Amino acid sequence: MFEAPWVLWLLPLALFARGWLRRLAAVLLLLAAAGPAPPLSPGLTVVLLDQSPSARDATREAARALRVEGPVRYLAFAERAEWVPNPHVRPRLGEATDLAAAFEAARAAGPARILLLSDGLFSPAPPPAPVYAFPLDPSPHAALTGLLAPPFPTYGEEVEVRARVFLTHTTEATLRFEAGGQKAEIRRTLPAGTSSVGFRFTLEAPTPLRVTLETPFGRDTLNTRITPAGREEVLVLGDPSAARYLKAQGFSVTEGERLPQTLPGVVVVGTSVEALGPLAPERLRKHLEEGGGLLFTTTPKGLFFGDWHRAFADLPLRPKPDRGAAFALVLDVSGSMAGEKLARAVEGAKAALAAAREEDVIGILVFNERPRWLVPPAPASYRQRRLAEERLDALRAGGGTQLAPALRAAREALAGQDAAPKAVLVVTDGATGGKEAALSEAAAAAREGVQIHVLALGADADRAFLQALADRGQGRYAEADPAALARAIAEAAREAFRAQAERGRYPLTLVPDPLTRELAPPPPTTRLLPAVRKPWAKALLKSGALDVLAVGERGYGRVAALALDLGHDLKDWPETPRLLARLVRWLSDTPARPRVFLYRDRLTVMGRFREDLWLRTGGEELPLAPVAPFRYEARVPPGSGDLLVFEGSRLRFRIPRKTSPEWPSEEGREVLEHLAEASGGALLEAPVLGPPPRVPTPLRIPLALAGLAVLILELLLRRLR
């Protein structure tokens, strides 16, 4: 090919020539040097014929209506691309669809445009020219594209596996599931595209699973194996009935009285705040925040009886707002109480103030020869507490002991209160005058609904009389030494302010939820702890307007609370073990529990892991990068075979993957439309293309040859002359 510099070498020859031929040659050579390329010739159209299994038959039908004006060539493609003499040739080019290979082969021909006959079920690739796409309907096809199974199932768990089904057309389908000795056959109409059908079974051991799909389009089968990862570990504190039920359901249960250093995924709390220690609420809160599960159960020392509604803000139940309790502390301040005894009594009185709720009524009455109210009974507001603490700090001991007037004053003050229960705690360390009068006052108080509790302090206390006083007042009698006095007073106050169970006949109703699905209705209970759920919680079991069982999510964890005693109120319900097992499994299913998701080319692993995660597939090893708390992701390369997820050197997950290059779940028409618009082409309603665009025709060589010819002609004419 002549380039402009070579053409310019000929110009001096033209300039030395004479006449009009010389000027014509000079003009032609100058034009050749400019290199014009006007659009004179029609462009080439390459017709791409999809010969993959999903489009082969539709391509043959479309080829009969194919009309293309201008120069045209035909390229058939599937896994490979091959030029064919006409659109009716049907070569076998493999079972997959490689559009990139077809575009690369077409690029070598230099097309002005491409006509693509395809169903669009492929991975898009950049085209070498504008694409005009005629969408084809894929051949009817049905396939099982995978199984969605719990990646971390435990022994005894009722697991659900879902078979992913891809259909090109809506049709009737039959799926048969076989898991060990458990079988199911499901028939239903499935829509075009991807859908899933579930099957539930109880996983008692490593179980082979076989799924068979039958449709008018064909039959497909998928096999895998579901292996239990272990037994769910549960720590049960203070609730033997819960421990017994959970052991029977296949859980690995550890019973204890204290919180261990390391907590398992789920902790069942059936004891009091005091029994677990002052640090327990904060440790449980942190466990919940970091993805743990907590279940608070009602026992004689658990839930509201254990003061959890005061100590644990994330409890999903709270006592029903109602009348509060009324409590009066009747404190002996005679001369024998001077010193450590009075100091411990003051410490206990302050703890009693702290235990009261705002709806509770509290008063402190001190006595020696005569009684006086340190603070009269009033709602336990902030002001009432501060006033009582100031006066307690100024308290001094002295004088003799006369209990009867103090009991009368306390009885009269509490009898008129609109509260329940009403209780008086008498704290004294010695003998008192007027014993018969005191016993009469105790009996009168009991008749008016005011209980008289007695705390005998030290070795000098008149135990026989004080025991009789508690009996007459229908209260409790206890003894304490000075060192334990503050704790004893605080415990008595907490007992008085504690939520009280109601007795009667209370019907129970299950709220529709996956956790209560297929459970038989529970029988009525004769005892109920009045409670209501918090706004962020959901009730699962109710009794009228009261909430009995509530669940919720806090932080990255889950929490539940039950206002019935498993060992007493629910022992006659056959579904109790089943509901408890479901509840504990739900509590364990937090973001911290290991799990895995595969969506297209993205693998997501969730859970708390101690070592780095990495993926092995098709001979490749890829790291799983942390992208959020408890969340790791990686892009999965195309190919077949299972995905293996390792934590350090330990295999944690095996994800069965069945990949088929044909009939993926994407919508083919949308893929073709996007490809055509992005390349400057269009989506066609028929396989017909009008005149092709004109392509540039380079004229440098013809003009240079013409100029050279004119120059030679001029020289020949000069020679002849």
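The values are calculated or read from the model by the stated rules, or taken from the named source; none is laboratory data. Fair warning: this is a prediction, and the values are worked out from it, not measured in the lab. Neighbour counts are summed over all protein chains in view; Cβ atoms, including those assigned to glycine, are modelled from backbone coordinates with ideal geometry.
Being at pLDDT below 85 and crowded, with 21+ Cβ neighbours inside 10 Å is a description that applies to Leu485. Ala129 satisfies every condition listed in (1) in contact with a Lys or Arg (Cβ under 6 Å, 6 or more places away or on another chain); (2) under 30 Å from Pro594 (Cβ atoms) except (2).
Scanning the range 284-313 for residues that are among the small types (Gly, Ala, Ser) and surrounded by fewer than 20 Cβ atoms within 10 Å (Cβ to Cβ) yields a total of 2. Restricting attention to the range 525-552, the residues that are more than 26 Å from the chain's Cα centre (by Cα) and assigned to a loop (DSSP other than H, G, I, E, B) add up to 4. The criterion of at least 3 residues that are touching a residue at least 40 places away in the same chain (Cβ under 8 Å) is met, among strands (runs of 3 or more DSSP E) falling completely within the range 231-350, by 293-296, 317-319, 326-332.
Determine whether Glu491 is acidic (Asp, Glu), under 23 Å from Pro421 (Cβ atoms) and either surrounded by fewer than 20 Cβ atoms within 10 Å (Cβ to Cβ) or modelled with pLDDT under 90 (or both). Considered against the rule, which asks whether it is acidic (Asp, Glu), under 23 Å from Pro421 (Cβ atoms) and either surrounded by fewer than 20 Cβ atoms within 10 Å (Cβ to Cβ) or modelled with pLDDT under 90 (or both), Glu491 comes out as yes.
Going through the range 97-111 one residue at a time, which ones are aliphatic (A, V, I, L, M) and either modelled with pLDDT under 90 or under 16 Å from Gln51 (Cα atoms) (or both)?
Within the range 97-111, Leu99, Ala100, Ala101, Ala102, Ala105, Ala106 qualify.
Got a number for residues in the range 306-358 being over 38 Å from the mean Cα position of the chain (by Cα) and on the phi > 0 side of the Ramachandran plot? The total comes to 1. For Ala129, indicate whether it is crowded, with 18+ Cβ neighbours inside 10 Å and closer than 25 Å to Ala686 by Cβ. Spelling it out, Ala129 is indeed crowded, with 18+ Cβ neighbours inside 10 Å and closer than 25 Å to Ala686 by Cβ. For the range 411-433, taking the residues that are farther than 25 Å from Asp481 by Cα and of a type in the set (Gly, Ala, Ser), the one that is modelled with the highest pLDDT is identified as Ala413.
Only one of the listed residues (Val159, Val236) is of a type outside the set (Asp, Glu), over 30 Å from Gly668 (Cβ atoms) and in contact with a helix residue (DSSP H, G or I) (Cβ under 6 Å, 6 or more places away or on another chain). That residue is Val236.
Tell me, which residue of the range 359-376 that is more than 53 Å from the chain's Cα centre (by Cα) and surrounded by 22 or more Cβ atoms within 10 Å (Cβ to Cβ) is farthest from Leu457 (Cα to Cα)? Going through the qualifying residues, I end up with Leu365. All conditions in (1) of a type outside the set (A, V, I, L, M); (2) crowded, with 20+ Cβ neighbours inside 10 Å; (3) out of contact with any Leu (no Cβ under 9 Å at 6 or more places or on another chain) hold for Arg463, with the sole exception of (2).
Looking across the range 198-223, just one residue is buried (at least 20 other Cβ atoms within 10 Å of the Cβ) and either small (Gly, Ala, Ser) or out of contact with any Ser or Thr (no Cβ under 9 Å at 6 or more places or on another chain) (or both), and that is Phe199.
Taking the stated definitions as given, is Glu491 within 23 Å of His309 (Cα to Cα) and charged (D, E, K, R)? Yes, satisfied. Between Pro512, Pro522, the distinction of being assigned to a loop (DSSP other than H, G, I, E, B) and surrounded by 16 or more Cβ atoms within 10 Å (Cβ to Cβ) belongs to Pro522 only.
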